[in-house]
């Protein structure tokens, strides 16, 4: 029943994952997921489940997954920001061409405050980078 299944399964959660060892070698010939650890990608903490001792192979798989997950999340962050820029452009076009006065009244203050906050952060960060050079 193996069919090329990986030896570990990571159930992603908000700040990491639950780690399961995939077991297909049992009497019932069914797929079992054995919960072996919990991983926090923010701080790198790995907690073994219960009194379990993680093997070197377990640790290596968890470490590899953590590195790959952090890289994936970093790529997603940049992609989200690029989409936000597109959305700001679409919002400007909407405000200029299709928005009613009531719609503009409903969102203008919130948009202006958010854009002011973003601009302040970006200008400060750019100034910091220029001073470091």
At 222 nm, what value in deg cm²/dmol follows for the chain if DSSP H runs of at least 4 each add -39500 (n - 2.57) and the sum is divided by all its residues, to the nearest 500?
-20500 deg cm²/dmol
Enter the angle in degrees (range 0 to 90, nearest 10) between the Cα long axis of helix 101-132 and the first principal axis of the Cα atoms of the chain, meaning the one along which they spread out most.
70 degrees
Taking only C-alpha pairs under 8 Å that are 6+ residues apart, what is the relative contact order of the chain in percent?
12 percent
The chain: mean projected area of Cα convex hull, nm²
15.0 nm²
A correct fewest-to-most ranking of 65, 94 by other Cβ atoms within 10 Å would be 94, 65
Over the chain, with a Gaussian network built from C-alpha contacts below 10 Å, which listed residue (120, 55, 66) shows the highest mean-square fluctuation?
120
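Any read-out appearing in this document is the output of simple, stated calculations on the displayed coordinates, not a laboratory observation. Since the model is a prediction, treat every value here as computed from it, not as a measurement. Cβ sites come from the backbone with ideal geometry, for glycine too, and all protein chains shown count toward neighbours.
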